[in-house]
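> I am attaching a structure below and will ask some questions about it afterwards.
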Amino acid sequence: MAESNTSSDGAALHGKVAVVTGTSRGVGVGIAHELLRAGATVIGCSRGELPGLPGAEDIAADRAHQWVCDQGNIDSIDGFVTRVVDTFGRIDILVNNAGGTVPTPAVEAVPELVQRIQGAPRAEDEFTRTALFHAFAIQMNLTSPLWFAVRVYRQMRTQSGMGSIINISSGASHPAGSPTLVSYGAAKSGLNHLTRSLAEEWGGHARVNCVALGPTMTDNFQSFVLPSDDPDGREYFAKVPLGRAGTPAEVGRTCVFLCSGAADYINGTTIEIDGGMMPGVLYDAGLKTITDLL
Ligand SMILES: NC(=O)c1ccc[n+]([C@@H]2O[C@H](COP(=O)([O-])OP(=O)(O)OC[C@H]3O[C@@H](n4cnc5c(N)ncnc54)[C@H](OP(=O)(O)O)[C@@H]3O)[C@@H](O)[C@H]2O)c1
């Protein structure tokens, strides 16, 4: 019997063509690997040229691809999707994973270092810098996933069969609010809402679902969230009922489920993968690394 708790069903997505955004590192790599294990052909993307989809050589090198696409640019999205369709004939799955931000001690005055780590356009003036930081968080976590979904859906609606779109959201989207992650939380909350609306509009050709992550272990999470005096997160994860971070592979297996026939009647929902964490419990702890750096 397949080990359903440790790897994806090798046939669940056989023959499907999947696009995953943000696969140069982090959660996107785990999602791409699980889709590959489930039999899909995966075209990952990120902003820089890479020799291939990281770590996929041992899984399914013939079905794994890593191309360049900047989701902040509509021409880049359009060119990338056109190339996928020209090469593979169709797109069955889109996982809108690229995104993220950096916590900031005050919403009204974003420090230069925080803006630099997040990757927003630079500005000397504090107000301009703060405004650009928040605009960038909303662009990357709400507007760009919408752009990607619209472009891919315009392909899906021309195909036979039912497409599947998954948006990667965050526990910061919870209605309780997300101090330290204000614009990011609002954008992710918008993404959950967008998921419902698109699910209602596009039900004839695509199911649209969402996955809201709690702390998920990646290189960036280790560097920018876990405090230097608690590098394994022993104290940090004590606040999570399951006592640990999630893994990119666990997120990937949930995506496989949502794209598979097992989830044929699931549409417009948001699944939380957070170990049962209460909203908000980690905001202060998550800020410590940044405040130590400032
Ligand atoms: N890790 C967590 O604890 C956690 C918790 C909640 C939610 N999430 C969500 O999970 C998703 C992945 O997060 P992560 O932790 O894996 O982040 P990450 O390690 O920073 O990886 C982000 C990925 O997105 C790509 N990317 C960034 N900007 C892009 C752009 N403009 N166009 C195309 N690709 C771009 C990056 O590639 P390049 O920089 O090479 O372009 C990278 O591959 C995000 O949506 C995040 O909000 C993560």
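> Just one of the numbered conditions (1) within 16 Å of the ligand (Cβ to nearest atom); (2) among the basic types (Lys, Arg); (3) not in a helix (DSSP H, G or I) is not true of residue 253; which one?
Condition not satisfied by residue 253: (3).
> Next question. Return only the number of the condition from (1) touching a residue at least 40 places away in the same chain (Cβ under 8 Å); (2) within 11 Å of the ligand (Cβ to nearest atom) that residue 222 does not satisfy.
Single failed check for residue 222: (1).
> Any residue in segment 158-172 that is touching a residue at least 12 places away in the same chain (Cβ under 8 Å) sitting within a Cβ distance under 6 Å of a residue that is within 7 Å of the ligand (Cβ to nearest atom) and part of a loop (DSSP other than H, G, I, E, B)? List the pairs, counting only those 6 or more apart or interchain.
Sorted first by the residue in segment 158-172, then by its partner, the pairs are 168/97; 171/214.
> Moving to a separate point now. For segment 26-35, check the following and say yes or no: at least one residue is within 16 Å of the ligand (Cβ to nearest atom), without any contact (Cβ under 8 Å) to a residue 60 or more places away in the chain and within 19 Å of the chain's Cα centre (by Cα).
no
> Quick one: what pairs do we get from segment 248-263, first residue under 12 Å from residue 207 (Cβ atoms), second within 16 Å of the ligand (Cβ to nearest atom) and in a helix (DSSP H, G or I), C-beta under 9 Å, 6+ apart or different chains?
Going by the 9 Å Cβ cut-off, the qualifying pairs are 259/35.
> Can I ask one more? Considering (1) within 13 Å of the ligand (Cβ to nearest atom); (2) modelled with pLDDT of 95 or more; (3) under 20 Å from residue 290 (Cα atoms), say which one residue 107 fails and leave the rest.
Going through (1) within 13 Å of the ligand (Cβ to nearest atom); (2) modelled with pLDDT of 95 or more; (3) under 20 Å from residue 290 (Cα atoms) one by one, residue 107 breaks only (1).
> Here's another thing I want to ask about it. Out of the residues in segment 168-183 meeting the condition of being near the ligand (Cβ under 10 Å from one of its atoms) and closer than 13 Å to residue 283 by Cα, tell me which one is surrounded by the most Cβ atoms within 10 Å (Cβ to Cβ).
Restricting to residues being near the ligand (Cβ under 10 Å from one of its atoms) and closer than 13 Å to residue 283 by Cα, the top hit is 172.
> Now for a different question. Provide a single number: the residues in segment 225-238 that are at negative phi and within 14 Å of the ligand (Cβ to nearest atom).
The qualifying residues number 4.
> Please indicate, with yes or no, whether at least one residue in segment 100-112 is part of a loop (DSSP other than H, G, I, E, B), within 23 Å of residue 269 (Cβ to Cβ) and of a type in the set (S, T, N, Q).
no
> Which of the residues that make up segment 261-294 are under 17 Å from residue 192 (Cα atoms) and of a type in the set (Asp, Glu)?
Answer for segment 261-294, where residues must be under 17 Å from residue 192 (Cα atoms) and of a type in the set (Asp, Glu): 272, 274.
> Can you tell me which residues in segment 212-231 are assigned to a helix (DSSP H, G or I) and either crowded, with 16+ Cβ neighbours inside 10 Å or charged (D, E, K, R) (or both)?
Of everything in segment 212-231, those that are assigned to a helix (DSSP H, G or I) and either crowded, with 16+ Cβ neighbours inside 10 Å or charged (D, E, K, R) (or both) turn out to be 219, 221, 224.
> Another question, then. Would you pick out the residues in segment 137-166 that are assigned to a helix (DSSP H, G or I) and touching a Lys or Arg at 6+ places or on another chain (Cβ under 6 Å)?
Once the filter is applied, which keeps residues that are assigned to a helix (DSSP H, G or I) and touching a Lys or Arg at 6+ places or on another chain (Cβ under 6 Å), segment 137-166 yields only 141.
> Moving on. Within segment 264-271, is there a residue that is without any contact (Cβ under 8 Å) to a residue 60 or more places away in the chain and assigned to a strand (DSSP E or B)?
no
> Among the numbered criteria (1) surrounded by fewer than 16 Cβ atoms within 10 Å (Cβ to Cβ); (2) within 15 Å of the ligand (Cβ to nearest atom); (3) not in a loop (DSSP other than H, G, I, E, B), which one does residue 51 miss?
(3)
The values are calculated or read from the model by the stated rules, or taken from the named source; none is laboratory data. Source: prediction; values computed, not measured. Note that we place each Cβ from the backbone using ideal geometry, even for glycine, and neighbour counts take in every protein chain shown.
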